[in-house]
Amino acid sequence: MPLYEYKCANCGQVFEVMQKFSDDPLTRHEACGGAVERLLSSPALQFKGSGWYITDYAKGNGKSSNGKSGGDSTPAKPAPSDTSSSTKSSTTAPSTPAK
């Protein structure tokens, strides 16, 4: 049930009343009998961001909203091989034999 805020015109007291949506608004303050008006206040729930769309989720999961892989459409090229690494000299220290 929503919580409504009222202000009394007679005594100036601000009070809250929990009412159903279908209940009629209050017209009289129970404490002093003065006329009351319902106050408008900002809601406690705030949505931040641009909206509730599939495109608002974090990027970088590898898929776009149409189900295809993201990024470039060209396949990645393999790194060029380094031919000098295969012709190493055998000047390393001998390993100790396992016992």
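Computed from the coordinates by the stated procedures, all read-outs in this text should not be read as laboratory data. What you are looking at is a predicted structure, and each value in this text was computed from that prediction instead of being measured. Ideal geometry is used to build each Cβ from the backbone, glycine not excepted, and the neighbour counts take in all protein chains shown.
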note = Contact list, first residue from region 1-24 and within 15 Å of L39 (Cβ to Cβ) and free of Cβ contacts under 8 Å to residues at least 40 places away in the same chain, second anywhere and assigned to a strand (DSSP E or B) and among the basic types (K, R), beta-carbon distance below 7 Å, six or more apart or interchain, is Y4/R38; Y6/R38; V14/K7
query = If you take the residues in region 39-48 that are aliphatic (A, V, I, L, M) and assigned to a loop (DSSP other than H, G, I, E, B), which one is farthest from the chain's Cα centre (by Cα)?
reply = L40
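Of all residues in region 1-38 being of a type in the set (A, V, I, L, M) and assigned to a loop (DSSP other than H, G, I, E, B), which is surrounded by the fewest Cβ atoms within 10 Å (Cβ to Cβ)?
M1
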